[in-house]
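What follows is a single structure, written as structure tokens, with notes after it.
The values are calculated or read from the model by the stated rules, or taken from the named source; none is laboratory data. Since we're looking at a predicted model, the values are computed, not measured. Cβ placement follows ideal geometry from the backbone for every residue including glycine, while neighbour counts extend to all protein chains displayed.
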Amino acid sequence: MHEKLRKRITPSATGTAMPAPANTIDIIQNAEVIATSESENFPLDNIVDGSTGPGSSQWVAGSTGPQTLIFKFDTPQNITAIVYEIEEKETARTQEICFEVSTDSGAKFREILRHEYNFSPDGSTFQREELKQDLPQITDLKMTIKPDKGHLDCRAKLNHIAFQS
Ligand SMILES: [Ca+2]
């Protein structure tokens, strides 16, 4: 006689809400975010929901190709660090990210850094960056995500972003 399998389903740990450092700028309270697209099940809200780390909630672009996110601050912010996380488990791609800032409400932008990262399903699937900066009186911060430098037909993703003052 066969006994019934005793089983229990325990989902693998997903992203957890981590308390943000005290000097983190509250994006929800202090900025408007303008994005070129979002997909229905992976909205922009997921980048500021406190869910971080591998398996955490993420924004996925509504279309393939380069996307731009602009953070328009209600009042100028002094930014000392930019933190972001991106997870890509399905596609091997070479991503390029460019950050630009404005101190005159977006009339002019200047590039502050450009970052390349290689995602591979068998290798790196999770990117976390903490970039120290010295950016006083920022009115707008623009992040341009090119999901693949080689023009592979894929979507930009972003799990988390934070700015520290
Ligand atoms: Ca998230």
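Structure summary
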quantity: Some residue of the stretch 60-77 being out of contact with any helix residue (DSSP H, G or I) (no Cβ under 9 Å at 6 or more places or on another chain), away from the ligand (no atom under 16 Å from the Cβ) and more than 26 Å from CYS154 (Cβ to Cβ); calculated: yes
quantity: Among residues of the stretch 34-55, those that are under 13 Å from HIS160 (Cβ atoms) and among the charged types (D, E, K, R), counted; calculated: 2
quantity: Qualifying strands (runs of 3 or more DSSP E) (wholly inside the stretch 110-165; at least 2 residues being within 13 Å of the chain's Cα centre (by Cα) and away from the ligand (no atom under 16 Å from the Cβ)); calculated: 126-146
quantity: Tabulated pairs, the stretch 29-58, first in contact (Cβ under 8 Å) with a residue 60 or more places away in the chain, second assigned to a helix (DSSP H, G or I) and within 13 Å of the ligand (Cβ to nearest atom), C-beta under 7 angstrom, 6+ apart or interchain; calculated: VAL48/ILE27; VAL48/ILE28; SER57/ASN46; GLN58/ASN46
quantity: Residues located in the stretch 129-145, provided they are out of contact with any Ser or Thr (no Cβ under 6 Å at 6 or more places or on another chain), of a type outside the set (A, V, I, L, M, F, W, C) and within 18 Å of ILE34 (Cβ to Cβ); calculated: LYS142
quantity: In the stretch 65-94, the residues that are under 19 Å from SER120 (Cβ atoms) and of a type in the set (Gly, Ala, Ser); calculated: ALA92
quantity: Residue among THR14, THR75 that is at pLDDT below 95 and either more than 16 Å from ARG128 (Cβ to Cβ) or in contact with a Pro (Cβ under 9 Å, 6 or more places away or on another chain) (or both); calculated: THR14
quantity: Enumeration of residues in the stretch 113-138 that are farther than 19 Å from ASN23 by Cβ and among the β-branched types (Val, Ile, Thr); calculated: THR125
quantity: Test result for ALA35, more than 16 Å from the ligand (Cβ to nearest atom), within 20 Å of ALA156 (Cα to Cα) and of a type in the set (A, V, I, L, M); calculated: no
